[in-house]
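J.: Pasting a structure here, questions to come.
Read-outs: derived from the displayed coordinates by stated rules, not from any lab. Everything quoted here is computed from the prediction, not taken from an experiment. As a convention, Cβ positions derive from the backbone with ideal geometry for all residues, glycine included, and neighbour counts pool all protein chains shown.
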Amino acid sequence: DAHQRKSIAEAIQTLVADYPGNAFLVTSRMVGYQAARLSGDFAHHTIQPLPLERIAEFVGKWYTAIERDAGAEELSEEYTLSVVEEAREWAEELSRTIQERPGIQRLAENPLLLTIIALVNWRGRKLPNRRVELYSHAAETLIASWPYRRQGVELDTERVIRLLSPVAYRIFAARSSGDIAEDELLPILSEAICRVDSVDEREAKVYADEFLGQISERSGIFRERGYDERGRRVFAFLHLTFAEYFTARYLAGLWKGLGEDAKARRAFLRQYAHVPRWREVVLLMVGDVGLRDNDDAERATHLLGDILTLGSDYEDCLHRDLLLAGQCLADDLRVQPQAARYVLDKLLKLVPEPGVGGAVQNAFHAMRETIYAQPMLDGLLAQLEDKDSSVRRRAVSALEQIGGVRAVDGLLARLEDRDWSVRARAASALGQIGDVRAVDDLLTLLDDETKHVRARAADALGAIGDARAVDGLLARLDDKKGDVRARAASALGQIGNVRAVDDLLARLEDRDWSVRARAASALGQIGGVRAVDDLLTRLDDETKHVRASAARALGQIGDVRAVDGLLARLEDENGNVRARAASALGQIGDVRVVDGLLARLEDENGNVRARAASALGQ
């Protein structure tokens, strides 16, 4: 909860203050972090999704390890070679599947989910698009197939889930570290065994001991983790994600147990629906109900209806119930068509609202691989024709998140919108999508009467990176507006065509510092020693941003003629310039730079010290 997070954040800040001069790396889930954000000198970074090449690398290594582990007793060279070959074939097949299926690729960008995908595929199961189905297969793999492959023992998956679900709930509800002590665990297991196996309390206690030994020794999902400070054995799930999934299964059972009492069902859901810590559990719970609903989606539709009628505080303004329902559809919850249409229509009406429009766009982005993608896209395309420009503009933003052929066609039409802000937003959206079909229309937009539109068109052409845009962008280097000239320079750098070098060199003398800075950066991206002398001159520019950009560009080019000028910038009055100079010297790699970089290890600016240390390492 927020109070506990703040206490932890304060403890971390105290630790940092007590031990100055050390490096600290702190990780956190994104959910709830803003409530207790670390302050001071901490630089914040978000871990990015795994790109396809890293996914393929991971899968290859994972299959090699798992195949070797499966035959650990056989150590012959012939066996080792066969394992490597088999693992390579498995990995190539899975990598192709991930690349060809965007829904799976979106899941595989998370390392944990990628591991689960590999587990499911290793077992020979067809890969699903829905997260809850993926977790279900993974749990079955870790419970049943894992011990069978390793020890010749197989466990009843459904029974294990029914017995461990209340344990998961206790762990999660207690807000603990994720561990549970044996003396707390056994009574929960005994009670579950009484219910599941229909035995008396005495027998249940005996079975609980046996079950705990089996599950902790022979499965990969719930393991002994050692001893606590009181000397008690403690146990935990393999990962918090599995604790969430098992907790979701438990909550799904409780919700179903309330039967036709809609009032009781809603009261039950209110305890968890909008608590950030429980959000993932709630979504998995809803997904599980939908996954196991064999009654023409009737039960899943009732659950969606319960969410929509929770009556949360300030629902008219915050729309939390509706947004949660949208997230459920984004997880591909299969409900009756009229219920899905109701939610989509309500969400579409929220697109123009500044306070929640972004959340709606995120939901639509997640829906693009679901059965709801088509009606959602139809609704957004219709909004592009709305008489209200704010509706059209926000529909453009939502379509940017979705992409695809139909979205691009709709956005291209908006490049001729009567409202300049819609034209500008459509240009940006097309740049983000990156479809080369937009190049000709964006080139036309470089002559728009409004500077903001011309600037966005230049940005978009740079993002797409098509060489056909070079001539049009070169012409914009002479635009009367500095921002347009600057954006054109950046775009030319992104495209990387050497024909732009002479014109960019001329822009190093531009009266607008942002143009000089962008031109310097572009020359660094394009490369070529012709720019070195002019960039060295910009190291003495009156504006710190230009000096920093010139230093970075010289590092990218890597010519030793820049060493003396960059060494001088290690004494610059601005910390960012000193840091950029240090990095550039590291990229060039001349031995003459060592003394200057060593001196910067004592710099008052932490970023400069870090860049100098990194440069010395290079």
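J.: Work out how much length Glu298 to Asp590 would gain on full extension: take 0.36 nm times their residue separation and subtract the Cα-Cα distance, in nm to one decimal. Walk me through the intermediate numbers first.
T.: On the way: separation 292, 0.36 × 292 = 105.12 nm, distance 7.08 nm.
Gain on stretching Glu298 to Asp590: 98.0 nm.
J.: Where a ≥ b ≥ c are the square roots of the eigenvalues of the C-alpha gyration tensor, would you call the range 259-384 rounded, which needs a/c under 1.5, or, failing that, prolate if a/b is larger than b/c, or oblate?
T.: Cα axes put the range 259-384 in the oblate bin.
J.: Tell me, Kirkwood radius of the range 313-371 from alpha-carbon pair distances, in Å?
T.: Kirkwood radius, the range 313-371: 11.5 Å.
J.: Further, regarding this structure: Find how much the distance from Arg101 to Val16 grows on full extension, using 0.36 nm per residue of separation minus their present alpha carbon separation; answer in nm with one decimal.
T.: 26.1 nm is the gain from fully extending Arg101 to Val16.
J.: Using Cβ contacts closer than 10 Å as the measure, can you line up Phe242, Phe42, Phe268 from fewest to most?
T.: With the fewest neighbours first, Phe242, Phe42, Phe268 line up as Phe42, Phe268, Phe242.
J.: Work out, in µm²/s and without decimals, the Stokes-Einstein translational diffusion coefficient of the range 388-513 at 10 °C, 1.306 mPa s, Rh from Kirkwood over C-alpha pairs.
T.: 110
J.: How compact is the range 177-316 by the rule of thumb for globular proteins, expressed as Cα Rg over 2.2 N^0.38 Å?
T.: On the way: Rg = 17.9 Å, N = 140, 2.2 N^0.38 = 14.4 Å.
Rounded to two decimals, the normalised Rg is 1.24.
J.: Could I have the simple spin-label model distance between Ala599 and Glu182, label points 7 Å from Cα toward Cβ, reported in nm to one decimal?
T.: Rounded to a tenth, the inter-label distance reads 6.4 nm.
J.: Once you place label points 7 Å from the Cα toward the Cβ at Ala43 and Lys480, how far apart are they in nm?
T.: 4.2
J.: Related question: How many nm is it between the label spots at Ala174 and Ser198, if each spot is 7 Å from the Cα in line with the beta carbon?
T.: In this crude spin-label approximation the distance works out to 3.2 nm.
J.: Arranged from highest to lowest average of other beta-carbon atoms within 10 Å per residue, in what order do the peptides 534-547, 107-120 appear?
T.: 107-120, 534-547
J.: Using the alpha-carbon atoms, what tilt in degrees (0 to 90, nearest 10) does helix 52-70 show relative to the longest principal axis of the chain?
T.: Once rounded, the angle reads 40 degrees.
J.: When ranked by the protection proxy of mean other Cβ atoms within 10 Å per residue, highest first, what sequence do the peptides 425-432, 166-173 form?
T.: My ranking of the peptides, most packed first, is 425-432, 166-173.
J.: Place a label point 7 angstrom from the Cα of Asp386 along the Cα-to-Cβ direction, then list the residues of the range 336-354 whose backbone nitrogen is under 19 Å away.
T.: The answer is 341-354, whose backbone nitrogens lie closer than 19 Å to the label point.
J.: Using the alpha-carbon centroid of each, what span in Å lies between the range 436-515 and the range 200-222?
T.: 68
J.: Nearest 500 deg cm²/dmol is fine: what mean residue ellipticity at 222 nm does the chain get from its DSSP H runs of n ≥ 4 alone, each adding -39,500 (n - 2.57), divided by its residue count?
T.: Rounded to the nearest 500, it is -20500 deg cm²/dmol.
J.: Whole percent per 20 Å bin, from 0 to the bin with the longest distance: what is P(r) over all C-alpha pairs of the chain?
T.: Calculated over all Cα pairs of the chain, the distribution is 15, 39, 36, 9, 0 percent.
J.: In addition: For a quick protection proxy, order the peptides 207-218, 343-354, 392-403 by their average other-Cβ count within 10 Å, most packed first.
T.: 392-403, 343-354, 207-218
J.: What do you get for the angle between helix 240-257 and the principal long axis of the chain? Use alpha-carbon atoms, 0 to 90 degrees, nearest ten.
T.: Around 50 degrees separate the two axes.
J.: Moving to a separate point now. Please give me the summed charge of the neighbours of Tyr314: other residues whose Cβ is under 15 Å from its Cβ, Lys and Arg +1, Asp and Glu -1.
T.: -3
J.: From zero outward in steps of 5 Å, how is the percent of C-alpha pairs of the range 452-512 spread across the bins?
T.: All Cα pairs, binned at 5 Å, distribute as 4, 23, 36, 24, 12, 1 percent.
J.: So how much slack lies between Asp261 and Leu25, counting 0.36 nm per residue of separation and subtracting their Cα-Cα distance, in nm?
T.: 80.1 nm
J.: Counting Lys +1, Arg +1, Asp -1, Glu -1, what net charge surrounds Arg368 among other residues with beta carbon under 12 Å of its beta carbon?
T.: -1
J.: Explain nothing, just the number: relative contact order of the chain, from Cα pairs under 8 Å at least 6 residues apart, as a whole percent.
T.: 5
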